[in-house]
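Have a look at the structure below before the remarks.
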Amino acid sequence: MGSVNMVDKVTADITAKPLPTVTLRETIERRSPWVDAVRRFRRNRLAMGGLVVFGFLLFLAISADVISPYPYDRVFLNLRASTLPGVDPQHALGLDSSSRDYLSRLIYGARTSMFVGLLVPLIAFSIGVPLGAISGYLGGKVDFSIQRVIDIATAIPPLLFALFLLSLLGSGLSNVIFVLAITSWIESARLTRAQFLTYREKEFVTAARALGAKNRDIILRHILPNALSPLLISFTIAVPLAIFAEAGLSFLGIGITEPTASWGKMVGSGIGNTIRVYYHLALFPTVLVALTMLSFSFIGDGLQEALDPNRSQ
């Protein structure tokens, strides 16, 4: 009887105390690897700093029409206006060689760089990822044919091919984006193929195939989400490379055409016999290009560490 009373007492104590409730959101946050990756990314100060710089440049690109003091193509005929910064209060950074407000040109240059830097990888990945997925998953003759196309494309120097295409198509923003996209899809295709070759023989893929899942569903629902981490990291690396490529083409005079503002074209215009006096014409856009590339490098390193499954929580 004493033992029965003791059991009843313990049972009563347990039922008297309310059990801790765990919400669905807390359960997802505890189990989701993406939430853990976000936490690790937020603890990386360099990555967060790069994200802040990218957010600022993106803000400049989106709101250039609002925050820019003048249109990027407006020419000032005021003889008292100076090219040097800090001389004329109406032009904080002075004028460029064509008598246009230099600060406005820098702000609108952020729009051009962000537009090229984000759109070129999107187009390139939309070409490379499907080709790499089909090649890695199906294998056989399909994989052989796609790999031969990639080998041929790799043998062509991308810069020379871009120069050749731009000489045929002409300069301009749309042509630059098109040329850079079709010359930069190879790496995404190779990376995707390598990921699909790794995952296509995994147990969960074999189980999905045994249950009658279609190849499209296996590719999109089972393999691609697991291969997404290295693709995201590769995308962050491709963004500054596209910006740098556009700046290089514009510097050579075959990229963005006038009067569209481009940091690379501004660097090319600022280098000349007057660079010792008007050094800022080439310095400021060079610094902005360097900051943009550095910010995306930090973001890419932060994503690589955050998405690494071997890292601790």
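The values are calculated or read from the model by the stated rules, or taken from the named source; none is laboratory data. Note that this is a predicted model, so its numbers are computed, not measured. All Cβ positions, glycine included, derive from the backbone under ideal geometry; neighbour counts span all protein chains shown.
Computed quantities for the displayed model
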{"read-out": "Pairs, first under 13 Å from residue 250 (Cβ atoms) in the range 100-112, second of a type in the set (Ser, Thr, Tyr), C-beta under 7 Å, six or more apart", "value": "105/72; 109/262; 112/260; 112/262"}
{"read-out": "Residue check for residue 200: of a type in the set (D, E, K, R), surrounded by 14 or more Cβ atoms within 10 Å (Cβ to Cβ) and farther than 24 Å from residue 180 by Cα", "value": "yes"}
{"read-out": "Test: residue in the range 233-251 that is modelled with pLDDT under 80 and either farther than 22 Å from residue 106 by Cβ or more than 20 Å from the chain's Cα centre (by Cα) (or both)", "value": "yes"}
{"read-out": "Hits in the range 195-213 - residues which are under 28 Å from residue 302 (Cβ atoms) and touching a helix residue (DSSP H, G or I) at 6+ places or on another chain (Cβ under 8 Å)", "value": "195, 196, 197, 199"}
{"read-out": "Residue tally, condition modelled with pLDDT of 85 or more and over 27 Å from residue 126 (Cα atoms), over the range 211-223", "value": "0"}
{"read-out": "Subset of the range 206-216 that is small (Gly, Ala, Ser) and in a helix (DSSP H, G or I) - its residue that is farthest from residue 232 (Cα to Cα)", "value": "210"}
{"read-out": "Pick from the range 101-148, criterion touching a Lys or Arg at 6+ places or on another chain (Cβ under 8 Å) and over 18 Å from residue 193 (Cα atoms), ranking: surrounded by the most Cβ atoms within 10 Å (Cβ to Cβ)", "value": "101"}
{"read-out": "Residue tally, condition more than 26 Å from residue 301 (Cα to Cα) and exposed (fewer than 15 other Cβ atoms within 10 Å of the Cβ), over the range 214-232", "value": "6"}
{"read-out": "Residue satisfying all of: in the range 255-278; closer than 19 Å to residue 73 by Cα and part of a loop (DSSP other than H, G, I, E, B); nearest to the chain's Cα centre (by Cα) among these", "value": "262"}
{"read-out": "The range 100-157 - residue that is of a type in the set (S, T, N, Q) and within 25 Å of the chain's Cα centre (by Cα) and, of those, nearest to residue 293 (Cα to Cα)", "value": "113"}
{"read-out": "Output for the range 282-298, where each listed residue is under 13 Å from residue 263 (Cα atoms) and not aliphatic (A, V, I, L, M)", "value": "284, 285, 286, 292"}
{"read-out": "Filter result (under 21 Å from residue 294 (Cβ atoms), small (Gly, Ala, Ser) and touching a residue at least 12 places away in the same chain (Cβ under 8 Å)) within the range 51-66", "value": "61"}
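This table checks each residue for (1) more than 30 Å from residue 143 (Cα to Cα); (2) in contact (Cβ under 8 Å) with a residue 60 or more places away in the chain.
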| residue | (1), (2) |
| --- | --- |
| 204 | no, no |
| 229 | no, yes |
| 235 | no, yes |
| 241 | no, no |
| 255 | yes, yes |
| 280 | yes, yes |
| 285 | yes, yes |
| 294 | yes, yes |
